[in-house]
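Here is the structure we will look at.
Values in this text are rule-based calculations from the coordinates and carry no lab data. Because the structure is a prediction, the values reported are computed rather than measured. A quick note on method: Cβ atoms are made from the backbone with ideal geometry, for glycine too, and the neighbour counts reach across all protein chains shown.
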Amino acid sequence: MTVPTVATVAQTAAAIAPPLLAWYDRQHRRLPWRSPPGTPPPEPYRVWLSEIMLQQTTVPAVMPYFAKFLARWPTVHDLAAAPVEDVMEAWAGLGYYARARNLHKCAQAVSTRLDGRFPDTVEGLLELPGIGAYTAAAIAAIAFDRPAAVLDGNVERVLARLFAVETPLPQAKPELRRLAGLTTPQQRPGDFAQGMMDLGATVCTPRRPDCLLCPLQESCAARRQGIAESLPRKTEKKPRPVRHAVAFLLQRPDGAVLLRRRPPEGLLGGMLEVPSTPWRDLPWSDGEGKAHAPAAAIDWRPAAGAAEHVFTHFALKITALHGCIGAAEAAEIDGLWQPPGKAALPTVMKKMLGLLPADTAPAGKPAVRSTRNPRRGRARP
């Protein structure tokens, strides 16, 4: 691959900022954490909250969570003062739960150390918990209009096509980061960053990019070479390992199910969970699984069906055992008892509860039998 020279990049950068900003003025997405083009930047708290939520998650998935968080904790001081368990439960279903723990830690740092004011530089933002290079650049650009190079999945795709970068990801990231820095203008850098994101989300899409509608088509090397749809290239991923678990669906006479809280650190740390066996590489036999049951003297019966959940680094295949227990015996078991349809649970735990026998499901919410896992977009749509 021929690496674009500084002169080539500078020439292209000078050519792309005006049409991109003009396009963004007309076609920008209206999102609750943004300010319209030409108006003062949005409140840093809203930008930070949205950027943390949008990591590895799609815009449609984030919208209701963003509204819920703002309604419940309208300022960074409110979020900092909230119990971390409340923050984790409000986050339930959004995934990547370390983000929620770091969100709370960051809110506390901003509230107590900085009197509620977010730093306005990349360097200052990087000192806060849970804020990495991308997030710091995005907040600095969008909330403070600093000329910071913002590089998310959408911007990577736009840059890879603009400069015909054929090195596959993730190896191409350093080159794309260099190009992002060289193309970011001094004027309206926040709008430029959001315009690049919107262009990748709505026009320069992963499949079937709409080059005829692209404001940068005249500057795009990949379009001229006829390779736009094949970029950015990606290194072939290794098959995702599979682990196995048996969930224990224990119910009281009123239908409430036994839940417990996971340790504060590690995968799904601090979240409520359905009791289960350890998650291991080999399937569990009935006898092996029952040895890990939360209550021994139960008539455990296999639940029909199975479920699957895909994490970043492995897939989890889930079977379940169902049991019933009297109210007096339930009071002796450590844990929380909650109606199946009302518990604030991670998606994987909701899938476990979906294996409850149909006649025990909450009214209006039949049990789900599914082995499918909806795919979550890695870049923002």
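Its Cα gyration tensor gives the stretch 6-230 an equivalent ellipsoid, and the semi-axes of that ellipsoid, as √(5λ) in whole Å with the largest first, are 32, 18, 16.
Set against the 2.2 N^0.38 Å expectation for a compact globular protein, the stretch 242-360 has a Cα radius of gyration ratio of 0.99.
What is the list of residues in the stretch 161-191 whose amide nitrogen lies under 13 Å from a point 7 angstrom out from the Cα of residue 235, following Cα to Cβ? Only 167-174 fall inside the zone, counting backbone N under 13 Å.
Amide H to amide H distances under 5 Å link residue 243 with 315, 316, 317, where only residues 5 or more positions off or on other chains count and H is placed in the peptide plane. For residue 187 and residue 63, what does the FRET efficiency come to when R0 = 30 Å and r is the distance between their Cβ atoms, rounded to the nearest 0.05? Given R0 = 30 Å and the Cβ-Cβ separation, E is 0.50.
The calculated FRET efficiency for residue 327 paired with residue 56, based on their beta-carbon distance and R0 = 56 Å, is about 0.85. Equivalent ellipsoid of the stretch 232-304: semi-axes from √(5λ) of the C-alpha gyration tensor, largest first, are 30, 17, 12 Å.
Please give the net charge around residue 331, taking every other residue with its beta carbon less than 14 angstrom from that of residue 331, where Lys and Arg add +1 and Asp and Glu add -1.
-3
With no solvent and one equal point scatterer placed on each C-alpha of the stretch 121-278, evaluate the Debye formula and give log10 I(q)/I(0) for q = 0.10, 0.15, 0.21 Å⁻¹, two decimals. After summing over all Cα pairs, the log10 values are -0.56, -0.86, -1.26. Of the residues 314, 221, 291, the one whose Cα sits farthest toward the positive end of the charge dipole of the chain, with +1 on the Cβ of Lys and Arg and -1 on the Cβ of Asp and Glu, is 221.
Projecting label points 7 angstrom from Cα along Cα→Cβ for residue 347 and residue 281 puts them 2.7 nm apart. Can you give the log10 of the normalised intensity I(q)/I(0) at q = 0.16, 0.25, 0.29 Å⁻¹, computed with Debye over equal Cα scatterers of the stretch 63-108? Log10 I(q)/I(0), no solvent term: -0.35, -0.91, -1.21. Each Lys and Arg Cβ is given +1 and each Asp and Glu Cβ -1; about its Cα centre, the stretch 6-230 then shows a dipole of about 340 debye.
Compute for the chain: radius of gyration divided by Kirkwood radius, i.e. Rg/Rh, restricted to C-alpha atoms, rounded to two decimals. Ratio of gyration radius to Kirkwood radius: 1.04. A Förster radius of 41 Å combined with the Cβ-Cβ distance from residue 208 to residue 105 puts the calculated FRET efficiency at roughly 0.50.
With each run of n ≥ 4 DSSP H residues scored as -39500 (n - 2.57), what mean residue ellipticity at 222 nm is computed for the chain after dividing by its residue count and rounding to the nearest 500 deg cm²/dmol? Walk me through the numbers before you get to the answer.
Numbers: 15 runs with 150 residues, N = 381.
That comes out to -11500 deg cm²/dmol.
Ranked by the mean number of other Cβ atoms within 10 Å per residue, highest first, peptides 202-213, 78-89, 94-105 order as 94-105, 78-89, 202-213.
Which residues in the stretch 87-127 have a backbone N closer than 14 Å to a point placed 7 Å from the Cα of residue 336 along the Cα-to-Cβ line? Within reach of a label on residue 336, which here means backbone N under 14 Å from a point 7 Å along Cα→Cβ, the stretch 87-127 contributes 87-93.
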